[in-house]
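J.: A single structure is presented below for examination.
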Amino acid sequence: METKYLIVDKNVDSHDAYAQAVDFLNKGEVVAFPTETVYGLGAVATDEVAVQKIFAAKERPSDNPLIVHIAHKEQVRDYVQHIPEVAQKCMDAFWPGPLTLILQEKPNFFAENVTAGLSTVGLRVPDHPVALRLLAAINKPLAAPSANRSGKPSPTKAQHVAEDMTNRISCILDGGATGVGLESTVLDVTVTPPVILRPGGVTKEMLEAVIGSVIQPTDKEQENPNTPKAPGMKYTHYAPEAPVLLIEPETENVQQAIAQLQAAGHRVALLASESFAESEANYFFTYGKDDNVDEMSSALYDALRACDKTDATIILATTTTRVGVGVAIMNRLEKAAGGQWYK
Ligand code: TXA
Ligand code: MG
């Protein structure tokens, strides 16, 4: 299948590009589009055959449900059985934005494979002009997981989508780099108190300021089979080809680690903030300015993917503190590293 690559930059008249994308979607094809978090792989959420093409293109296990993207919070009542008060407060406070709400779905509305047979559905209104314009133009809910192949870091640029999806999907809308850079926070509001199934740009602190107590299982707690979690969180994720080792961003320690790994015959790629640019690593990819978690979350997946373009045999990734967005960054880094730290 040939993949149509369409630029929907704000500097060009994109009317025709949206019309083509809508046409593909209405014909049951898959279209990749940018959101404020990462690129999504979209199909009409009521079209089982189209949704199946998403699973095939991603090579995604069929027990992992997709998030449904909608244009406006008013549409939620058409898709769910009941809107709990906490859910309404979250929608009012954080939509459009990087928060997915898990709610009890109305039976037989979405295609069965969207929710992987669960009775709940994840919904969100993305905060990105291209995603919103596409949703408005098609006027249907779009199921869209991140537009990477399963296991790979999520795409934050259309180029990343092209690397993973060329000749697998019908169309890529290139709207430039995404902003947040990490996938949305997934919050289960079918339980009391609500549980964060996946940390993201909307933090526990931000949620608690609006709805009160929220449960956020630690990475350790997530390993417990009794902890509620998103079906997708059990799979390997965000992994570049070479193994990743985590290390605290402490200059001497990092220098020593590089020297030791090189002495053992490794070619080392270092992921760290700008102040590490002068290190002796064979490759260096930056997260941006020191102590800036927003730049770090925005740059993380691009940096992980950049390692795959080198012949590095090991990746040293510096860490951050687990507060605010740092919780989400560390969650993704721990998964990319399979929990391995440099020792
Ligand atoms: O930012 C994002 O959320 C991006 C953009 C494209 O919107 N999408 C994204 O989708 O990250 P995906 O499919 O890669 O991740 C969705 C996560 C998975 O871990 C999945 O298991 C979980 O949300 N999920 C979806 N529906 C669920 C449900 N009904 N109950 C529990 N978890 C659910
Ligand atoms: Mg994903």
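The values are calculated or read from the model by the stated rules, or taken from the named source; none is laboratory data. Given the structure is predicted, the values throughout are model-derived calculations rather than measurements. Because the Cβ atoms are built from the backbone with ideal geometry, glycine has one as well, and the counts that use them run over all protein chains shown. To get the accessible areas, we keep the full protein, side chains included, count just its heavy atoms, and leave off ligands, DNA and RNA. Shrake-Rupley method; radii C 1.70, N 1.55, O 1.52, S 1.80 Å.
J.: Consider Leu101 carefully, then state whether it is within 26 Å of Glu205 (Cβ to Cβ) and of a type outside the set (Phe, Trp, Tyr).
T.: Judged against the criteria, Leu101 is a match.
J.: Let me ask you something else. Tell me which helices (runs of 4 or more DSSP H) are completely within the stretch 1-106 and hold 1 or more residues being at pLDDT below 95, or say none if there are none.
T.: 15-26
J.: Please state which of the following conditions Ala158 fails to meet, knowing it meets all the rest: (1) touching a Lys or Arg at 6+ places or on another chain (Cβ under 8 Å); (2) crowded, with 17+ Cβ neighbours inside 10 Å; (3) under 23 Å from Glu241 (Cβ atoms).
T.: Going through the list (1) touching a Lys or Arg at 6+ places or on another chain (Cβ under 8 Å); (2) crowded, with 17+ Cβ neighbours inside 10 Å; (3) under 23 Å from Glu241 (Cβ atoms), Ala158 breaks only (1).
J.: Pairs, please: C-beta under 9 Å, at least 6 apart or cross-chain, first residue on the phi > 0 side of the Ramachandran plot and in the stretch 237-256, second among the aromatic types (Phe, Trp, Tyr) and buried (at least 21 other Cβ atoms within 10 Å of the Cβ)?
T.: Tyr238/Tyr301
Condition check ((1) open to solvent by 30 Å² or more (accessible area, probe 1.4 Å); (2) aliphatic (A, V, I, L, M)) across all residues:
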residue: Gly200; (1), (2): no, no
residue: Thr203; (1), (2): no, no
residue: Ala209; (1), (2): yes, yes
residue: Ser213; (1), (2): yes, no
residue: Gln216; (1), (2): yes, no
residue: Asn224; (1), (2): yes, no
residue: Pro228; (1), (2): yes, no
residue: Gly232; (1), (2): no, no
residue: Pro243; (1), (2): yes, no
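J.: Could you look through the stretch 161-183, keep only residues that are within 13 Å of the chain's Cα centre (by Cα) and not hydrophobic (A, V, I, L, M, F, W, C), and pick out the one that is most open to solvent (accessible area, probe 1.4 Å)?
T.: Checked the stretch 161-183; the qualifying residue most open to solvent (accessible area, probe 1.4 Å) is Gly179.
J.: Now a separate question. Only one of Leu118, Leu123 is buried (at least 24 other Cβ atoms within 10 Å of the Cβ) and either more than 9 Å from ligand 1 (Cβ to nearest atom) or farther than 17 Å from Ser298 by Cβ (or both). Can you tell me which?
T.: The conditions single out Leu123.
J.: Also, quick follow-up: Scan the stretch 163-186 and report the pairs whose first residue is in a strand (DSSP E or B) and whose second residue is among the β-branched types (Val, Ile, Thr) and away from ligand 1 (no atom under 15 Å from the Cβ), with Cβ atoms within less than 9 Å and a gap of 6+ or a chain change.
T.: Taking only residues 6 or more apart or on different chains, the pairs are Cys171/Thr3; Ile172/Thr3; Ile172/Thr166; Leu173/Ile7; Leu173/Val8; Asp174/Ile7; Asp174/Val8.
J.: Collect the residues in the stretch 116-152 that are away from ligand 2 (no atom under 16 Å from the Cβ), polar (S, T, N, Q) and in a loop (DSSP other than H, G, I, E, B), keeping them in residue-number order.
T.: Selection gives Ser119, Asn139.
J.: Scan the stretch 61-76 and give yes if some residue there is assigned by TED's automatic domain parsing to the domain that holds Val161, within 18 Å of the chain's Cα centre (by Cα) and away from ligand 2 (no atom under 15 Å from the Cβ), otherwise no.
T.: Looking through the stretch 61-76, at least one residue is assigned by TED's automatic domain parsing to the domain that holds Val161, within 18 Å of the chain's Cα centre (by Cα) and away from ligand 2 (no atom under 15 Å from the Cβ).
J.: Within the stretch 24-37, is there a residue that is open to solvent by 10 Å² or more (accessible area, probe 1.4 Å) and within 11 Å of ligand 1 (Cβ to nearest atom)?
T.: Yes: one or more hits.
J.: Just checking, how many residues over the stretch 83-104 are open to solvent by 20 Å² or more (accessible area, probe 1.4 Å) and within 12 Å of ligand 1 (Cβ to nearest atom)?
T.: 4
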